[in-house]
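Have a look at the structure below, then the notes.
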Amino acid sequence: MPACAAVLALYALIFVLHLIVPGRWVAGYVRDEHGEPLRYRLNGLRVMAIVVGLYFIGGLAGLYPWDYLYVHRWEAAITACVLGLAFTAAIVLPAAPRGGLLADLFLGRRENPRLLGGHVDAKMFLYLVGAVVLELNLLGCLAHHCILYPGDPSPGLFLHVGLFTFFLCEYLYFERVHLYTYDLFAERVGFKLGWGCLCFYAFFYAVGAWSLAGAPNPHTSASALLASAGLFFAGWVLARGANLQKYYFKIAPGRAAFGLLVPETLEQDGKRLLVSGFWGLSRHINYLGEILMATGLALALGYPAALGPWLYPLYYVGLLFPRQHDDDRRCAAKYGPLWTAYTRRVRWRIIPGVY
């Protein structure tokens with residue numbers, strides 16, 4: 001089967017599985033035109049487990065080589081790129097204009113597009129398909145490396161793929177928490193989210209493994225590998241801990257997060273802002289966590305002088321620092337004087353004591 005057809009079949013399979021695999025219905029943070037919270041059907045982790053299981057079954061049966069997606073990575077990426085562009089046109093152009101055409105294409109026109117009576121939410125599906133295809137790309141890179149160096153594979157590449165797999169699994173495990181994050185309640189669906197998830201997320205996030213799948217084992221010391229894993233998990237604690245604390249605060253404002261972090265707030269005119277725990281360290285401590293995780297993943301590969309692994313953390317810096325400014329502007333407009341009081345209380349934007 002041509003690589004382009006195989007990739008399209010993969011995306012179609014994920015969509016069908018998302019439709020038919022049992023999931024749980026949960027209420028989100030976003031509300032509809034009647035003021036009722038939107039309900040979401042979540043089954044991401046189950047879908048990814050099924051797809052990865054089918055990948056291993058097909059490889060064992062000899063239906064395709066284990067490194068198929070790596071060998072055909074450019075054809076696959078181009079196909080995903082075209083699919084992302086087609087999706088952008090289909091989701092944006094039929095909707096009512098909100099601004100200039102280019103801005104509408106990039107940012108989108110519709111805030112919460114849904115299919116089949118809400119059975120499929122576009123945003124949640126886009127993140128799901130991006131995560132699943134990224135996982136298969138990472139496994140393809142690892143398989144190619146092991147085929148090239150069966151007697152001396154790199155433990156760092158195994159660690160990199162293992163940490164990334166953990167990241168993707170826990171992301172899908174905590175799908176409900178992400179219903180309360182910036183992307184879901186503040187962004188529309190256009191090129192940024194559509195092409196971003198179908199192509200960029202699914203392929204660019206694997207750039208470190210892509211760039212070094214053919215490289216020999218650098219024989220990184222065990223202590224250096226442990227340090228990179230430690231940096232990754234330090235970032236994970238900040239990112240996941242902050243998002244969970246905010247989630248608990250939104251669904252149960254008086255609850256102590258993790259049984260330890262008693263919420264402390266600033267309040268005015270019925271509005272409240274959390275200023276304790278992770279959210280007392282900086283206004284966007286979760287962004288710092290994401291950058292630290294990406295840095296740990298880059299270092300795990302054992303080639304600190306190579307450019308490829310650093311493209312991923314550099315992308316996060318380029319994405320999250322401007323997003324912080326956008327989010328601060330949105331919050332200033334929403335909370336007014338309360339936000340000013342909050343910024344006096346929590347001075348640091350992302351990095352405590354630095355920025």
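Considering only Lys271, Lys246, Lys123, the Gaussian network model of the chain with Cα springs below 10 Å gives its largest mean-square fluctuation to Lys271. Sequence-distant contacts, meaning Cα pairs under 8 Å at least 6 residues apart, place the relative contact order of the chain at 17 percent.
Would you mind calculating the gained length between Leu226 and Glu267 on full extension (0.36 nm times residue separation, minus the Cα-Cα distance), in nm to one decimal?
Numbers: separation 41, 0.36 × 41 = 14.76 nm, distance 4.30 nm.
Full extension from Leu226 to Glu267 adds 10.5 nm.
Computed from Cα atoms, the angle from the helix 3-20 axis to the main principal axis of the chain rounds to 50 degrees. Take the chain with all the other protein chains still there, run a 1.4 Å probe, and you get 45 Å² of accessible area per residue. Extension gain, Phe258 to Ala90, is 56.2 nm, computed as 0.36 nm per intervening residue step minus the present C-alpha separation.
Extending 7 Å from Cα along the Cβ direction at Asp152 and again at Asp326 yields two label points whose distance is 4.6 nm. Counting only protein heavy atoms and a 1.4 Å probe, tell me what percentage of the range 290-337's accessible area is made up of carbon and sulfur. Result for the range 290-337: 72 percent of the exposed heavy-atom area is carbon or sulfur.
Proximity of backbone amide H atoms, modeled 1.01 Å from N, is registered between Val120 and Leu115 at under 5 Å, excluding neighbours fewer than 5 places apart on the same chain. The charge dipole of the chain, taken about the Cα centre with unit charges on the Cβ atoms of Lys, Arg (+1) and Asp, Glu (-1), comes to about 1020 debye, rounded to the nearest 20.
Subtracting the Cα-Cα distance of Ala9 and Ala61 from 0.36 nm times their residue separation leaves 16.9 nm of extension gain.
Phi-derived couplings, Karplus 6.51 cos²θ - 1.76 cosθ + 1.60 at θ = phi - 60°, listed residue by residue for the range 342-355: 5, 5, 6, 6, 10, 6, 7, 7, 10, 9, x, x, 10, 9 Hz, with x used for Gly and Pro. Across the accessible surface of the range 1-85, with the other protein chains kept in place and a 1.4 Å probe, carbon and sulfur atoms take up 71 percent.
Under the simplified labelling scheme, the Arg39-Arg344 pair shows an inter-label distance of 4.5 nm, with each label point 7 Å from Cα along Cα→Cβ.
Taking the C-alpha atoms only, the angle from helix 222-251 to the longest principal axis of the chain is near 40 degrees.
Calculate how steeply helix 155-173 sits against the longest principal axis of the alpha-carbon atoms of the chain, using the helix alpha-carbon long axis, and give the answer as 0 to 90 degrees to the nearest 10. Between the helix axis and the principal axis of the chain, the angle is about 40 degrees.
Would you mind telling me the share, in percent, of accessible area of the range 126-265 contributed by carbon and sulfur at probe 1.4 angstrom? C and S atoms contribute 68 percent here.
Residues whose amide H lies under 5 Å from that of Leu38, counting only those 5 or more places away or on a different chain, are Gly28, Val30, Arg31, Asp32; hydrogens are built 1.01 Å from N in the peptide plane.
Counting only residues at least eight positions apart within a chain, or on another chain, the lysines with an alpha carbon under 17 Å from that of Lys334 are Lys250, Lys271. A 1.4 Å probe over all protein chains sorts His119, His34, His18 by accessible area into His34, His119, His18, starting with the largest. Lysines within cross-link reach of Lys123: Cα-Cα under 19 Å, excluding same-chain residues under 8 positions apart? Hits, sequence-local ones excluded: Lys192.
Working from label points 7 Å from Cα in the Cα-to-Cβ sense, the Tyr182 to Val21 distance is 2.8 nm.
The values are calculated or read from the model by the stated rules, or taken from the named source; none is laboratory data. All values derive from a computational prediction rather than experimental measurement. As a convention, Cβ positions derive from the backbone with ideal geometry for all residues, glycine included, and neighbour counts pool all protein chains shown. Each accessible area value is taken on the protein alone, full model and side chains, heavy atoms only, with ligands, DNA and RNA left out. Shrake-Rupley method; radii C 1.70, N 1.55, O 1.52, S 1.80 Å.
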